1. Name the single residue, out of those in segment 99-111 being open to solvent by 40 Å² or more (accessible area, probe 1.4 Å) and modelled with pLDDT of 95 or more, that is farthest from the ligand (Cβ to nearest atom).
2. What is the one condition in (1) over 13 Å from the mean Cα position of the chain (by Cα); (2) within 25 Å of ARG119 (Cβ to Cβ) that GLY79 does not satisfy?
3. Quick check on my filter: what residues within segment 99-122 are part of a helix (DSSP H, G or I) and within 14 Å of HIS70 (Cβ to Cβ)?
4. Starting from segment 38-59, take each residue that is on the phi > 0 side of the Ramachandran plot and list its partners that are more than 16 Å from the ligand (Cβ to nearest atom) and open to solvent by less than 10 Å² (accessible area, probe 1.4 Å), counting only C-beta distances under 8 angstrom and pairs at least six apart or across chains.
5. Residue under question is SER34, and the condition is that it be under 26 Å from ASP110 (Cα atoms) and among the polar types (S, T, N, Q); does it hold?
Amino acid sequence: MLTVAHAGEEGPPEYVWEALDLLKVSRVDHGVRSLEDPKLVARLRDGKIPLTVCPFSNVKLRVVDTLRDHPLARMLELGLHATVNSDDPAYFGGYAGDNLAGVAEALQLDDNALLTLARNSFTASFIGAATRDRYLDLLSSARLATT
Ligand SMILES: [Zn+2]
């Protein structure tokens, strides 16, 4: 059974531990505050637990002051399975593409980071394995446009 839980956005790392240990989640929605707990970071990394990060929501809810302060790049550096998403687009001011464009510009994410995020979005999704693998193949054969 696939389960997800909102945890670790405004709430502390303990909520993420509970989502993992009590709810046995397959994916954590948000999880940005997991960075406050190195043991939790290791657990998420080793378990390849996807984190659906929502940068615009994190700014609106004052988890970070601005997009430039967002820990997404650090999450990727730490090997966390982070993805970029929207959270209530009408309320937080943008759909998934807007969140990605905004955080990519604010953090000056390089092609490697963008490729990792794209790959993560497929490996974190609950689409079937055949569909997922088809998209991953397309991604690995695609060339990133550089200007
Ligand atoms: Zn939310």
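The values are calculated or read from the model by the stated rules, or taken from the named source; none is laboratory data. Worth saying up front: this structure is predicted, and the values here are computed from it rather than measured. All Cβ positions, glycine included, derive from the backbone under ideal geometry; neighbour counts span all protein chains shown. We work out accessible area using only protein heavy atoms, side chains counted, and drop any ligands, DNA or RNA first. Shrake-Rupley method; radii C 1.70, N 1.55, O 1.52, S 1.80 Å.
1. Restricting attention to segment 99-111, the residues satisfying the condition of being open to solvent by 40 Å² or more (accessible area, probe 1.4 Å) are 100-101, 105, 108, 110-111.
If we keep only those that are modelled with pLDDT of 95 or more too, we end up with 100-101, 105, 108, 110.
Values: LEU100: 17, ALA101: 20, GLU105: 22, GLN108: 26, ASP110: 28 Å.
Ranking the qualifying residues of segment 99-111, first place goes to ASP110.
2. Here GLY79 clears every test but (1).
3. Listed by number, the residues that qualify are ASN99, LEU100, ALA101, GLY102, VAL103, ALA104, GLU105, ALA106, LEU107, ALA113, LEU117.
4. If the second residue must be more than 16 Å from the ligand (Cβ to nearest atom) and open to solvent by less than 10 Å² (accessible area, probe 1.4 Å), no pairs are left.
5. Numbers: under 26 Å from ASP110 (Cα atoms): yes; among the polar types (S, T, N, Q): yes.
Yes; evaluated as a whole, the condition is true for this residue.
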